[in-house]
Number of protein chains: 2
Amino acid sequence: MFNKLDQQFLQKCFSLAIQARGFTSPNPLVGAVLVKDDKIIGEGLHYGAGLPHAEVNAINAALGTEIEGSTLYCNLEPCCHTNKRTPPCTDLIIAAGIKRVVISNIDPNPFVQNKGVKKLIENGIDVSIGELEHQGASLNRIFFKNMHQKLPYVTLKMACSLDGRICLENGTSKWITSPLSRQHVHQIRLEHDAILVGINTFLTDAPSLNTRDDDNKVIKENKKIIFGDMTKLLPEHHHKICTNDWILIHTGCSSFSCPREIKIYHFDHFERSLLKLLKALYVDGIKSVLVEGGQKVFSSFIDARLFDDVFLFYAPIFLGNGKSNYMNKNISTIDACRGMKIVEIKSIENNFVVHLNQE
Amino acid sequence: MFNKLDQQFLQKCFSLAIQARGFTSPNPLVGAVLVKDDKIIGEGLHYGAGLPHAEVNAINAALGTEIEGSTLYCNLEPCCHTNKRTPPCTDLIIAAGIKRVVISNIDPNPFVQNKGVKKLIENGIDVSIGELEHQGASLNRIFFKNMHQKLPYVTLKMACSLDGRICLENGTSKWITSPLSRQHVHQIRLEHDAILVGINTFLTDAPSLNTRDDDNKVIKENKKIIFGDMTKLLPEHHHKICTNDWILIHTGCSSFSCPREIKIYHFDHFERSLLKLLKALYVDGIKSVLVEGGQKVFSSFIDARLFDDVFLFYAPIFLGNGKSNYMNKNISTIDACRGMKIVEIKSIENNFVVHLNQE
């Protein structure tokens, strides 16, 4: 079914796809290469919603060469539906006379799922499915969760000392981890639509909640979500919270209205609102959320088991006082806390990051 | 000065030497191979104080072959002094007609230091020094610290959750980390003469304070040191503390006398006594100490910067309450806590261990 070059060309698709990392939401990351006589005659990727699909870009790049009889590699099943801004890729593939299509993953979008493949086969095209499937699913883990669960992908991130402290008693938290660790955080921010922090973290740290490159230049304005009792906000904060990048999640019984036209959700109870909140954000177009603390917000997501990934950045210091990354006074057995799996531990100069997910 | 086979034969010395790991104190780990025409004709190691040196065992192993004109590889400088239980190795090397000696490290013992080499050279033997020097110093880091500082080598070990907790509020600490992590701790115990715990850890956890193999069989009875207010001991504990493996360090103003003939040190003040304690233990023949907590003891060694290595074992859980691995209420700036370097991070199934030392 697969020949030995298939893997190589699918790897090329992945490396094309990932160039648009962080900019295709709500769409998946897709790369495509067109191959004739074992040579690439065209390549392309999907740059973002409303822009041409990877297959279209690959075929366009090959115009002027003999496309007929070529093989198309694409990490995701080509689309066949018309209820969107771009025409179906299957039609173009058929019209171009492509004889074989190799894909890693079936598109979990119910409008496409297996239907794209079916249409290609009905038109006499040889289709190979499933090579490097696991790698493809990992690349599009956000999109796959979105399609399967209708929920945003949730990543939790904290920076702490070896004794798990995220700040000193006096509130100082800048900086526990190294500049290189913090650059690494921006790589994670890039992948997410929104960054969520608790109201206390917002008030104490005044985080910028955007994605910056290694030269500190803003490369993406993420949606910025503040979670907690919004009556704590001062007029100076209302001034800062002025674009539709901001979303306020007000919890508690007291009423709150923002002087500006900012999206506000209101939930009665902090902890119990998490799943409702994620559902609301999803409907609102937010397909991935990076939760950056503080202690109360982080602990709530851990306790509710409403997370996909956890990244803990550690510095080689002991702080000995101040808030811990996690707090729960009700735990009485160690085994009640199990359920996480270490995915990877990575050294970052004299820091390290532990990547975990649910078992 | 070195030929390309030298490294290979010195590596062989290291792998011989390490077979006696944990059993040579106060002596270093030493391996030796005797080589003629690029072939090993004899090999040996030092098994422990009072037993023959590695060089002697290597030469004895070669008896019956033509030793004259051979090369002796040994990770440490051969001894030349007589104020000990075994005769000087240099005399034997000279008498055997060995023509070249290759060593990694000069012996830091002032009775030997450079004198062994000098004697060999004076007797017409070609001596090469310093190949794989760093690896040799690492192998004998305990012995080197002993000789240079007249202090025991100090290793701190703690097992904790991702939020740095070593137990729950109710005292439960068994088990945070996995069986495989705990086996790893026994590898560390093996290397140390003594294991030290605070009185509270002793009372709560009743640790065995010995070294066991993977089948839980005792392979070494380490010296067992309890540190703190010994008046907390109950009669049942006095019953357990009955061999000369035990050392009690009583701190505080109240008087304490043990009903049995156990070594007791008395210091007025817990934190301020650490350096005095280490000096006393060294004089008493304890060349390496593994400190296994609890919080107060661990924190005191960290704060006094009286440690060589730190091993922190982490399990992928958050406990949310109970004691932290470290406590210090007086830290007011993050930078005041710097000064440790990550040596290595190692995955142990679904746990990991961070090895640190001082910067």
- prompt: Within the bounds of segment B:93-110, is there any residue that is basic (Lys, Arg), assigned to a loop (DSSP other than H, G, I, E, B) and either at pLDDT below 95 or at positive phi (or both)?
  reply: no
query: Between residues in segment B:30-51 that are in the same structural domain as B:Val102 (by the TED database) and surrounded by 18 or more Cβ atoms within 10 Å (Cβ to Cβ) and residues that are of a type in the set (Asp, Glu) and assigned to a strand (DSSP E or B), which pairs lie under 9 Å by C-beta distance while being six or more apart or on different chains?
result: B:Gly31/B:Glu43; B:Ala32/B:Glu43; B:Val33/B:Glu43; B:Leu34/B:Glu43
- request: Report yes if B:Asp193 is more than 14 Å from every other protein chain (Cβ to nearest Cβ), among the acidic types (Asp, Glu) and touching a Lys or Arg at 6+ places or on another chain (Cβ under 6 Å), otherwise no.
  value: yes
- prompt: Looking only at residues in segment B:161-172 that are more than 8 Å from chain A (Cβ to nearest Cβ) and either under 23 Å from B:Ala194 (Cα atoms) or of a type in the set (A, V, I, L, M, F, W, C) (or both), which one is surrounded by the fewest Cβ atoms within 10 Å (Cβ to Cβ)?
  reply: B:Ile166
message: Please go through (1) closer than 17 Å to B:Gly116 by Cβ; (2) surrounded by fewer than 15 Cβ atoms within 10 Å (Cβ to Cβ); (3) small (Gly, Ala, Ser) for B:Gly64 and return the number of the only condition it doesn't satisfy.
response: (1)
- prompt: Which of the residues spanning segment B:209-243 are assigned to a strand (DSSP E or B), out of contact with any Leu (no Cβ under 8 Å at 6 or more places or on another chain) and touching a residue at least 24 places away in the same chain (Cβ under 8 Å)?
  reply: B:Arg212, B:Lys223, B:Gly228
query: in the same structural domain as A:Ser15 (by the TED database), surrounded by 23 or more Cβ atoms within 10 Å (Cβ to Cβ) and among the acidic types (Asp, Glu), is that true of A:Asp107?
result: yes
- prompt: Quick one: would you say A:Leu151 is in a loop (DSSP other than H, G, I, E, B) and more than 14 Å from every other protein chain (Cβ to nearest Cβ)?
  reply: yes
field: Where A:Ala17 falls short, out of the listed (1) modelled with pLDDT under 95; (2) in contact with a Leu (Cβ under 6 Å, 6 or more places away or on another chain)
entry: (1)
field: Conditions (1) out of contact with any Lys or Arg (no Cβ under 8 Å at 6 or more places or on another chain); (2) of a type in the set (A, V, I, L, M); (3) over 13 Å from B:Gly320 (Cα atoms): number failed by A:Val291
entry: (1)
- line: Residue hits (segment B:305-319; more than 7 Å from chain A (Cβ to nearest Cβ) and under 20 Å from the mean Cα position of the chain (by Cα)) are B:Arg305, B:Leu306, B:Phe307, B:Asp308, B:Asp309, B:Val310, B:Phe311, B:Phe313
message: Looking only at segment B:174-208, filter to residues that are assigned to a loop (DSSP other than H, G, I, E, B) and free of Cβ contacts under 8 Å to residues at least 60 places away in the same chain; which one of those is nearest to the chain's Cα centre (by Cα)?
response: B:Ser208
message: Please verify whether A:Ile317 is in a strand (DSSP E or B), of a type in the set (Val, Ile, Thr) and at pLDDT 95 or above, treating the condition exactly as stated.
response: no
field: Of all residues in segment A:320-359 being within 26 Å of the chain's Cα centre (by Cα), more than 7 Å from chain B (Cβ to nearest Cβ) and in a loop (DSSP other than H, G, I, E, B), the one that is surrounded by the fewest Cβ atoms within 10 Å (Cβ to Cβ)
entry: A:Glu359
- prompt: Looking at segment A:17-39, which of the residues that are small (Gly, Ala, Ser) and closer than 13 Å to A:Gly136 by Cβ is nearest to the chain's Cα centre (by Cα)?
  reply: A:Ala17
query: What residue, among those in segment B:264-296 that are at pLDDT 90 or above and within 14 Å of chain A (Cβ to nearest Cβ), is surrounded by the fewest Cβ atoms within 10 Å (Cβ to Cβ)?
result: B:Lys296
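The values are calculated or read from the model by the stated rules, or taken from the named source; none is laboratory data. These figures come from a predicted structure and were not determined experimentally. Backbone-built Cβ (ideal geometry, glycine too); neighbour counts: all protein chains shown.
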